[in-house]
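Accompanying notes for the structure given below.
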Amino acid sequence: MSDNLVLIHKNQGLTTVTLNRPGALNALSRALRNRICAVFNELAEDDDTQVVILTGAGRAFTVGLDLKELGGEVGSDTSLHDQDLAKAIANLGKPIIGAINGFAITGGFEIALLCDFLIASPQARFADTHARVGVVPGWGLSQKLPRLIGINRAKELSLTGNYLDAKTAYEWGLVNRVVPAEELLSTCEKLGRDMLSTEPTTRGEIRRIMDSGWQTTLVDGLQIEQQASHQHAKTQKPTELIAARRNSIQTRGRSQLKGHSI
């Protein structure tokens, strides 16, 4: 039964992970948290998975921790030990596209921020209610959100607990684009396929140094990039780089190399 809490669909390098407690707005019960950890740990070791799309079933991405379970209104599986959900997602080591189909609240907002970027439907709603329920964020929201939308806007959201609609989330730079609900997954799949058309090692290294540089100063970030560039040039043979560029061009629909510099 716990396997049904997270649905997994694999398709030629692209894996869609769907949180599947729609009746509870995908609230993060202990069982669901543990299942998410198990899935991401498995996908980290799965060579067939190169890009992940993370979404939710029904009207929500996820509304965060299951408050009914925490309050004792419903039972919890005490045989399960809490695992570090944020660590399991962050350690995937592969791009994650967040397909935000509905409510992403508090812990759900934090999980969205663990994705590399977000595509939203018009029904997407974000809210940080940590201050309302008396909990301090522990999965990165207080540090990531200000860096994405600015500290003043982040304070407005986190200190009021108010909702942020999809249109404003786009205008503030939180989500990359807003698309009709029926096009949400297909848009994410198209972006995933575009990623898969790039050279895997280079793609992974660019993602790594962007994340590393984002957590430090510009000066240190430039140093990280320079070191990575030099090291990558040593490990990638020129013929491999040429082949990778040729494949990329052809994948993008160009059948002729004439007129292109390599």
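Read-outs throughout are calculated quantities, based only on the coordinates presented, and are distinct from any laboratory measurement. None of these values were measured; they are calculated from a predicted model. No Cβ is skipped: glycine too gets one built from the backbone with ideal geometry, and neighbour counts run over all protein chains shown.
When the listed pairs K167/K190; K94/K155; K68/K94; K94/K167; K68/K190 are checked against a 26 Å cut-off, the alpha-carbon distance exceeds it for K94/K155; K68/K94; K94/K167; K68/K190. Think of the stretch 106-249 as having a plus end and a minus end, set by charges on the Cβ of Lys, Arg, Asp and Glu; of L114, Q231, P200, Q231 sits farthest toward the positive end of this dipole. Taking 0.36 nm per residue of separation and subtracting the current Cα-Cα distance, fully stretching the chain between K68 and N11 would add 16.9 nm. Backbone geometry of the stretch 126-131 corresponds, through the Karplus equation with coefficients 6.51, -1.76 and 1.60 at θ = phi - 60°, to 3J(HN,Hα) couplings of 10, 7, 10, 9, 3, 5 Hz, x marking Gly and Pro. In this structure, the amide hydrogen of F103, modeled 1.01 Å from its nitrogen in the peptide plane, lies closer than 5 angstrom to those of A60, F61, R125, counting only residues at least 5 positions away or on a different chain. Candidate cross-link partners of K234 among the aspartates and glutamates, defined by an alpha-carbon separation under 20 Å and a same-chain spacing of 8 or more, comprise E199, E205, E225. A DSSP coil position with no more than 13 other Cβ atoms inside 10 Å describes none of the chymotrypsin sites (Phe, Trp or Tyr not before Pro) in the stretch 117-170. For I53, the amide hydrogen comes within under 5 Å of the amide hydrogens of T15, T16, V17, I97, counting only partners 5 or more places away or on other chains and with H modelled in the peptide plane.
With θ taken as phi - 60° and the Karplus curve 6.51 cos²θ - 1.76 cosθ + 1.60 applied, the whole-hertz 3J(HN,Hα) list for the stretch 55-66 is 8, x, 8, x, 8, 9, 6, 6, 8, x, 4, 6 Hz, x standing for glycine and proline. Each residue, R147 and N91, gets one label point 7 Å from its Cα in the Cβ direction; the gap between the two is 2.0 nm. Listed by chain and number, the aspartates and glutamates whose alpha-carbon sits under 18 Å from that of K10, ignoring those within fewer than 8 places in the same chain, are E42, E45, D46, D47, D48, E189, D194.
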